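One structure below.
The values are calculated or read from the model by the stated rules, or taken from the named source; none is laboratory data. Just so we're clear, the structure is a prediction, and the values are computed from it rather than from any experiment. With ideal geometry, Cβ positions are generated from the backbone for all residues, glycine too; neighbour counts draw on all protein chains shown. To get the accessible areas, we keep the full protein, side chains included, count just its heavy atoms, and leave off ligands, DNA and RNA. Shrake-Rupley method; radii C 1.70, N 1.55, O 1.52, S 1.80 Å.
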Amino acid sequence: MEGKAGECLMANDTLDKVRELQHKLYWAARQSPSRRFHALYDKVHRMDVLWRAWQEVAANGGAPGVDGVSIAQVEEQGAGELLRALAAELEAGTYRPLPVRRVTIPKSSGGERHLGVPAVRDRVVQAAAKVVCEPVFEADFLGCSYGFRPRRSAHQALDVIRAEVNRGRTWVVDADIASFFDSIPPQVLRSALEERISDRRMLALLMGWLRAGVWTGQALIRPETGTAQGGVISPLMANVVLHRLDRIWAERYWRLGKIVRICGRSCRLVPHPGTSQAGARGAGGDPGRAGPCPGPGQDVAG
């Protein structure tokens, strides 16, 4: 009982400390737009950060990874034991991620989507890395991005779209990057991460999840591109890459119209057809998908 009581006290004391860390990282990045952070990795294996990460992983639930260890099993044995082991591995530089377990689900539009389910231990480390890295990149992300971000949602994106339509931007360029999570080139991701991170151990940790491989149930494969859709860190990595597109639009094409993006799916709202064609070409969309904004009751975001 004493061990579990101690773990509860640790968990209760964690939130404020981690929020303070995130606040400091956010404002340091916000005040120095060109700063590259060189001391992030040591914060990932802090026990308070790992406790926060475990709380998020446990709350989200999910199936076991390739090792078969479930969240319930970790809770039964005591999460502190796992977190102390992970902290020791991370500090010593001996942590190695397991391959993700592939799960295939049908797409509503037809076809299949491959998800990668990391082991619980790897989900905890990914969550800890996200706790540390997210504030740094959030300082840069633009207001047009709504997917997988703190205090932002698809509903807010739809509110913006409705407001822009009411302002007269009734033509939409709908752009969707096919299989985006599966197709991110590793060199592109690393380059985007290096805009803000110079810590080699942190970069090695983040890129290591891409190299861990995928267990299909029959064979271990090592894709040359992509970050596993289903990983805790994957949405942040996707937004880090896509932020470059947001920035290009804001710098070069903002006169054409308003962009609203939810991860790999974006809508560009413009006042007339000619502008929609230019907007599609300028920001990588498909001019053939430009069209008038759907009417009331129709799905604005596709």
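Leaving out ligands, DNA and RNA but keeping every protein chain, what accessible area does Asp16 have, in Å² rounded to the nearest 10, with a 1.4 Å probe?
So the heavy atoms of Asp16 present about 110 Å² to solvent.
Rounded to whole Hz and in sequence order, give me ³J(HN,Hα) for the stretch 247-263 from the Karplus expression 6.51 cos²θ - 1.76 cosθ + 1.60, θ = phi - 60°, writing x for Gly and Pro.
5, 4, 4, 5, 7, 10, 10, 4, 5, 6, x, 9, 9, 10, 10, 10, 6
Would you compute the Debye intensity of the stretch 177-217 from its alpha-carbon atoms alone, equal scatterers and no solvent, and pass along log10 I(q)/I(0) at q = 0.23 Å⁻¹ to two decimals?
The computed values of log10 I(q)/I(0) come out as -0.84.
Rounded to a whole number, what % of the accessible area of the stretch 93-199 do carbon and sulfur atoms account for, probe 1.4 Å? Show your work: numbers first, answer last.
Working: 2510 of 4850 Å².
Of all accessible area on the stretch 93-199, carbon and sulfur atoms account for 52 percent.
Tell me the per residue accessible area of the stretch 123-198 using a 1.4 Å probe; a whole number in Å² is fine. Don't skip to the answer; put the middle values down first.
On the way: 3180 Å² over 76 residues.
Heavy-atom accessible area per residue stands at 42 Å².
Under a cut-off of 14 Å between alpha-carbon atoms, report the aspartates and glutamates in cross-link reach of Lys17, not counting same-chain residues fewer than 8 places apart.
Correct list for Lys17: Asp48.
Using the C-alpha atoms of the stretch 64-197, what convex hull volume per residue, in cubic angstrom, is computed? Don't jump to the answer; show the numbers that get you there.
Values: hull volume 23.9 nm³, N = 134.
Normalising the Cα hull of the stretch 64-197 by residue number yields 179 Å³.
With each label point set 7 Å from Cα along the Cα-Cβ vector, what nm distance links Arg252 and His23?
Taking the simple label geometry, Arg252 and His23 are separated by 4.0 nm.
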